[in-house]
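Just below is one structure, and these are the notes that go with it.
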Amino acid sequence: LYLGLFRVRRYLGNEASSAQRQDPALRQSSPLTPARGPNSLSPQDPVALGSSARPGLPGEVSAAAVALGGGGETPARLSIDAIAAQLLRDQYLLTALELHTQLVESGRELPRLRDYFSNPGNFERQSGTPPGMGAPGIPGAADRAGSISTLDSLDFARYSDDGNRETDERVAVLEFELRKAKETIQALRANLTKAAEHEVPLQERKNYKSSPEIQEPIKPLEKRALNFLVNEFLLKNNYKLTSITFSDENDDQDFELWDDVGLNIPKPPDLLQLYRDFGNHQVTGKDLVDVASGVEEDELEALTPVLGSLPPSLEAPQTVEVIQKLEDKISLLNSEKWSLMEQIRRLERLVFKHHFLKNLLKKLSPAFHQALLSFCRMSADSRLGSEVSRIADSEKSVMLMLGRCLPHIVPNVLLAKRERMVLHLCQELIPLILCTACLHPEPKERDQLLHILFNLIKRPDDEQRQMILTGCVAFARHVGPTRVEAELLPQCWEQINHKYPERRLLVAESCGALAPYLPKEIRSSLVLSMLQQMLMEDKADLVREAVIKSLGIIMGYIDDPDKYQQGFELLLSALGDPSERVVSATHQVFLPAYAAWTTELGNLQSHLIPTLLSKIEKLLREGEHGLDEHKLHMYLSALQSLIPSLFALVLQNAPFSSKAKLHGEVPQIEVTRFPRPMSPLQDVSTIIGSREQLAVLLQLYDYQLEHEGTTGWETLLWVVNQLLPQLIEIVGKINVTSTACVHEFSRFFWRLCRTFGKIFTNTKVKPQFQEILRLSEENIDSSFFLNGVLTKATVPIYATGVLTCYIQEEDRKLLVGFLEDVMTLLSLSHAPLDSLKASFVELGANPAYHELLLTVLWYGVVHTSALVRCTAARMFELTLRGMSEALVDKRVAPALVTLSSDPEFSVRIATIPAFGTIMETVIQRELLERVKMQLASFLEDPQYQDQYSLHTEIIKTFGRVGPNAEPRFRDEFVIPHLHKLALVNNLQIVDSKRLDIATHLFEAYSALSCCFISEDLMVNHFLPGLRCLRTDMEHLSPEHEVILSSMIKECEQKVENKTVQEPQGSMSIAASLVSEDTKTKFLNKMGQLTTSGAMLANVFQRKK
C-alpha cells in the first residue's frame, strides 16, 4: 500500500497547492511543511475537538475553528489533529492518507485518522440518492448500497511505471480484489438475505410493541453483535478458554473483525459501559413514541408486500413519497448485489485459471496437458461416478445426496450375504464417506474416514479403484492442497508396501491423479520419492506400469530443475524394466512428459539426446565381441520417441514462429504426413497445441526450407550439423549381420525423415549419406573400398530407412538405382554381399517392395558381367520367402531358368539355393515340376558330373529344404539323389573334396532322419546311402563313422522287426528307431562334431 502511495504522489502536488490557495490558515501552516521545534507536531497536544471522525459534523467544525485560532492571529504551533480535521473536512483524503501513513511509520498514530480510514462507510460513492434524502455532502444511511471503492481495494499496480507486470502480480491483485469483493458481498448478504429470511411479519411486530411482555425473537444481526460483545468481554476479563469454546460454537462468525457483524454498522460500546449507562436510559415500553418520518431499515421487506393492500384513504402524500424512496433503495440494493455476485464469479474463475496455469510448465500446451491427464483413470460416467465426483458443500447438499444414495444402499444392506453384494454395498458407501470426510470439523474423524475409504474394499478391482480415485480428486478440488497433503497423502504412504497388489496399484494411481492438487514442493519431493521407491522395489508389473504413468503426470507439473537428473535416472530405469508393459507405458506417457519438461529447461538438444547417443556409442565400442542388443534397442527406441518433441522444438524456435497466426482458411495436413504416434503425447499437433496451428507452422516450415534456408535457425542447424553426422557415424559402426540392429536404425531414420518432411530429407539427409557412399564404378579397386563403407550397415539403413520414406515414382526410381549400383559395385569388387543381403531381407519383409526388388534383380540377370549375374541369382533366395506364388511363377521362375542356362557355371550353381527355396515354399504343382526338372538336369546332365561345387551346393540345399519340402518331392527326388551322390563320392580321388561332400551328406541325412520314410525307401535308398557314407567316414572321419554305424544298426533292427511284427499305425521307421538310448547316444555324438548349427536346427522344423 505504501509503495502505491508514493507512486501516486505526483497526483498530490496540485492538490496540496490548491489547498493552500483556498484556505489562508493552511497557507500559513501547510501540513506538508513541518513546523519548527522538536514537538511542534505532537499528536498529544490537547485540542477541544469532537470524537467523531466523520466529516461535515458540527462538532468537528467548531473544533477546527478552535484549533485554528481566532481574532486573526496565527498560532505559534498547529497540532496534527487540527490539520487532520481540516483535511478531512475539505475532503483532501489522499493528503490525509499520506499524513496518516507517515505518522504510522514514525510510531505516532493519530486516532482520528485511524478511525476515519478504518471505517469503510466514509468512502461510499454517492449514487442514486432519491430527492429529499439528505444533503449532497453528507452521506446518509440510505446511501450504503453504493458501489464501494475503498482505499484498501485501490489497484495501485495500474499506476505502475512497469508496463510488463508478471503473472504473479496480476494474480495477487485479483486475489486481493476477490477477497474484498467476498467480504463486501458477505456483508450485503448478511444485511439483505438473512434479514429478509428471518424477518418477523409486520403484524407480529406491532403486537410486540403494543405488548412489551411478549419477547420478540432475536434477529441474526442482533445475535452477531451480541456474540461479538460477549466474546470481547470474555477476552478482556481473561476468560480465554471460555472464549475459545464460544468461538468454536459460532464458527460462522469472525470475532476479530467487527465489520463481519454487518456492513456499515457502528460498533457499540462494550458490555460494561452498556450496563453502567443502562440506568440513565431506562424507560418503559409504553413511554416510547415513534417520531420518525420514515420507516426503519429492518421493516423494508415487511412493508413492500402490503403496499398494494393499503386503502386509498391511508395513502397520504408523505407516505407515498417515503414508500417510493424505499422502493428505489431496494432496487438499487438488489442491482448492486447481483452485480457484485457476477463480479465475484468472474474473478473466481479468473483466479482459479491463473492458479491452475501456474502449476503447469509455461510452454506446456493445453492439448498436451489434457492428453496427459487422460491417463488418470476416472469414473464419472455412471450414476455412482457422478455422485462421487460431486462433493456436497452444505447441509442441504448433504441431505439431497443422502436422498439419492440411500435407496441404493438399503436394498444391498438387506441382501448383503454374497460377496458380490458386499462389494457393491461398499462401492455405494464411497460418496457418503467422502462427503463426511470433507465436511467433518474434527481432524481425527476425517483421518479415520479416509482410512476407511482406502481400506473399504479388500482387493479393489479396476472399476472400484476408478471410483475411489474419482472421489479423491473431487475431495482434493474441494479442500485444497493443504488438506490433501495432510490427510490424503498419509493414507497412500501407509499402503505403499501392502501385501495386495490391488492396494499398491491404488496408491500408484492416486499419486498421479492427485498431482495437480498438491503443493509443488510435495510433488517434487515426497510424491516423487514414493513413486521411485515403488518403481525400484515393487514386483508386480501392473503396479510399476501405474507408477510410470503417474511419474509422467508428475513430470507435467514439476518445476524444480534440481530434480532433472533424478528424472533422467528414473527414465533409464523404466526403459530397462523387464516388463514389456512398463516399457510401453514409458514410451507412451513418461518419456513424452519428461521430454516436454526437458524442452522447457532447454536440455533436449544440450543433454537428453546427446546423452542417449553417447550411451549408444559406448555400447558399440564395448560390444566388438558381443553387442548388447537389448540395451541398444532401449536407447534407440527412446531416441525414436523423442523425434516428435525435437521437431516441435524446431518449429517453435523457427524464424517464422512469430508469423504463425490463425487467420482465414487453414491448410489441411495430409493424413500420412507424420508416422502414426505411439500415444497422443507423441502427436506433434498435441505438443504444438492444435492441428490448425501445426498446419500453419508446416506451411511456413516448407516454404522456409525451400526458399530461404536455415540461416539463424539454431535448433534446425543443430539437427543438420551435429545430430545427423553423429548418427551416420554410429551407423557405420554397426555389425551389418545383426538383423535386429539394422532394423532398429532403419525404423529410426524412417521416422526421423517422415517427421521432418520430404524437403528436409531430400536437401539435408540424403546428401550426407551420398557424400559418404559416393557410388560410382570409378571407385572400384580404389582406396575407397579399403574402409569397406559399402559393406557396412550404412547401405541397408540408407536404403530401407531413408529411401523408402516416400513412395512416389521418383523416390522408387532412386531406391532401385541405389540398389542396382550397390549390387554392381560389390560384385565387381569381389566384396562381401552382407550389406546387400541385409537390404533385401529388410525390404523383402514388406510385400509392397517385392516388385521393386524383382526389378533390381532383373537388372542383375541381364547384366553383362557374370559376377553381377551370380550375385543376382543368390539374392533371389532372400526375396522368395513371403512372396506371392503369382510373382514367383511369372517373374522369379523365368529369371532363374534364364540364369540356369547361363554360359558361366558359377551363375548356374548360384541358382540352386533359389530353386530349393521354391521347393520349400511353393505348393503349386506345375511350378514344382518345372523346378524338379531343372534340378534333375543339374544332377543327370553329363556335363555336370565332375562339377564338385555344383554337387556341394545341391547337397546343402537338399539338407536345408528336405525336411520342409513337399513329401512326394522328398521321397521321389531328394533321398534317391542323395543315395547316388553318396555312391559317386566313394569314387572321389581327392580326399579334401571327398571329406567335404561326405560332411554335407552327413548333415543332410541327419536332417532327413526325423522325417517319415517308407519301408521301401528305407531299404532301397536311405540305408544304402548311409552305408556309402560310412565307407567314406571310415577313412576320413572316424568320429562320424561311430554315429553312422549306430544309425545303420538301429535302422536295420527296425526294418527286421517291421517285417515280423504288425506295423503300428503310420509311425515312420525313422521315428521308431529313435529309442531313448539311441537318441541320447546320437545327440551326445553330434554335440562333439563341428557341424552346421543352422542345419541341425532345421531338423526340428515343421513344414510351413
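List the helices (runs of 4 or more DSSP H) inside segment 827-936, counting only whole elements, that have at least 2 residues being acidic (Asp, Glu).
Working: elements: 834-844, 850-861, 866-880, 893-900, 905-910, 912-921.
Fully inside segment 827-936 and qualifying: 834-844.
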Fill in: Complete set of residues in segment 580-609 that are open to solvent by 40 Å² or more (accessible area, probe 1.4 Å), assigned to a helix (DSSP H, G or I) and within 22 Å of Ile558 (Cβ to Cβ)
Gln588, Glu600, Leu601, Ser606, His607
Worksheet item: Looking at Glu851, Glu940, Glu842, Glu904, which is the one that is open to solvent by 50 Å² or more (accessible area, probe 1.4 Å) and within 51 Å of the chain's Cα centre (by Cα)?
Response: Glu851
Fill in: Cβ pairs under 8 Å, 6+ apart, first in segment 530-556 and within 16 Å of Glu502 (Cα to Cα), second among the aliphatic types (A, V, I, L, M) and not in a helix (DSSP H, G or I)
Met534/Ile496
Practice prompt. Report yes if Ile558 is in contact with a Ser or Thr (Cβ under 8 Å, 6 or more places away or on another chain), at pLDDT below 95 and among the aliphatic types (A, V, I, L, M), otherwise no.
Written response: yes
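Among the residues that make up segment 919-928, is at least one of them assigned by the TED database to the domain that holds Glu1050, more than 21 Å from Met875 (Cβ to Cβ) and open to solvent by 10 Å² or more (accessible area, probe 1.4 Å)? Steps first, answer last, please.
Start the filter on segment 919-928 by keeping residues that are assigned by the TED database to the domain that holds Glu1050, which leaves none.
Scanning segment 919-928, I find no residue that is assigned by the TED database to the domain that holds Glu1050, more than 21 Å from Met875 (Cβ to Cβ) and open to solvent by 10 Å² or more (accessible area, probe 1.4 Å), so the answer is no.
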Worksheet entry | Total residues in segment 963-1002, condition under 18 Å from Leu1029 (Cα atoms) and either part of a helix (DSSP H, G or I) or under 60 Å from the mean Cα position of the chain (by Cα) (or both) | 25
Worksheet item: Take the residues of segment 866-901 that are among the polar types (S, T, N, Q) and open to solvent by 30 Å² or more (accessible area, probe 1.4 Å): which is nearest to Leu927 (Cα to Cα)?
Response: Ser884
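I'd like to check which helices (runs of 4 or more DSSP H) are fully inside segment 496-574 and have at least 2 residues that are touching a Phe, Trp or Tyr at 6+ places or on another chain (Cβ under 8 Å). Steps first, please.
Numbers: elements: 501-513, 528-537, 541-557.
Qualifying helices (runs of 4 or more DSSP H): 501-513, 541-557.
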Practice prompt. May I ask you to say which residue of Thr710, Thr686 is open to solvent by less than 40 Å² (accessible area, probe 1.4 Å) and closer than 20 Å to Phe368 by Cβ?
Written response: Thr686
Practice prompt. Please specify each residue of segment 235-263 satisfying the condition of being over 28 Å from Thr184 (Cβ atoms) and in a helix (DSSP H, G or I).
Written response: Lys236, Lys240, Leu241, Thr242, Ile244, Thr245
Fill in: Those residues of segment 777-802 which are modelled with pLDDT of 85 or more and open to solvent by 10 Å² or more (accessible area, probe 1.4 Å), in sequence order
Thr791, Lys792
Worksheet entry | Members of segment 1003-1018 found to be more than 60 Å from the chain's Cα centre (by Cα) and not in a helix (DSSP H, G or I), listed by number | Ile1013, Ser1014
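I'd like to verify a number: residues in segment 964-978 that are under 20 Å from Met1047 (Cβ atoms) and surrounded by fewer than 22 Cβ atoms within 10 Å (Cβ to Cβ), how many? Break it down stepwise before answering.
Filtering segment 964-978 for residues under 20 Å from Met1047 (Cβ atoms) gives 970-971, 974-978.
Of the ones still in play, those that are also surrounded by fewer than 22 Cβ atoms within 10 Å (Cβ to Cβ) are 971, 976-977.
Looking only at that region, the number is 3.
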Discussion item. Report every pair of residues separated by at least 6 positions or lying on different chains whose Cβ atoms are under 6 Å apart, first residue within segment 494-523 and in the same structural domain as Arg465 (by the TED database) and in contact (Cβ under 8 Å) with a residue 40 or more places away in the chain, second open to solvent by less than 10 Å² (accessible area, probe 1.4 Å) and aromatic (Phe, Trp, Tyr).
Written reply: Ala515/Tyr557
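Going by what's in this entry, would Glu617 be described as open to solvent by 10 Å² or more (accessible area, probe 1.4 Å) and either within 20 Å of Thr739 (Cα to Cα) or within 16 Å of the chain's Cα centre (by Cα) (or both)?
Numbers: open to solvent by 10 Å² or more (accessible area, probe 1.4 Å): yes; either within 20 Å of Thr739 (Cα to Cα) or within 16 Å of the chain's Cα centre (by Cα) (or both): yes.
Answer is yes for this residue.
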Discussion item. Go through segment 444-489 and report how many residues are open to solvent by 50 Å² or more (accessible area, probe 1.4 Å) and more than 23 Å from Val543 (Cα to Cα).
Written reply: 10
Discussion item. Quick check on my filter: what residues within segment 1009-1032 are out of contact with any Ser or Thr (no Cβ under 8 Å at 6 or more places or on another chain), open to solvent by less than 50 Å² (accessible area, probe 1.4 Å), farther than 17 Å from Thr952 by Cβ and not hydroxyl-bearing (Ser, Thr, Tyr)?
Written reply: Leu1017, Met1018, Phe1022, Leu1023, Pro1024, Leu1026
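The values are calculated or read from the model by the stated rules, or taken from the named source; none is laboratory data. As the structure is a computational prediction, the values presented were derived from the model and not from experiment. Positions of Cβ are backbone-derived with ideal geometry, glycine not excepted, and every protein chain shown enters the neighbour counts. Accessible surface is based on the protein model in full, side chains and every heavy atom, while ligands, DNA and RNA are left aside. Shrake-Rupley method; radii C 1.70, N 1.55, O 1.52, S 1.80 Å.
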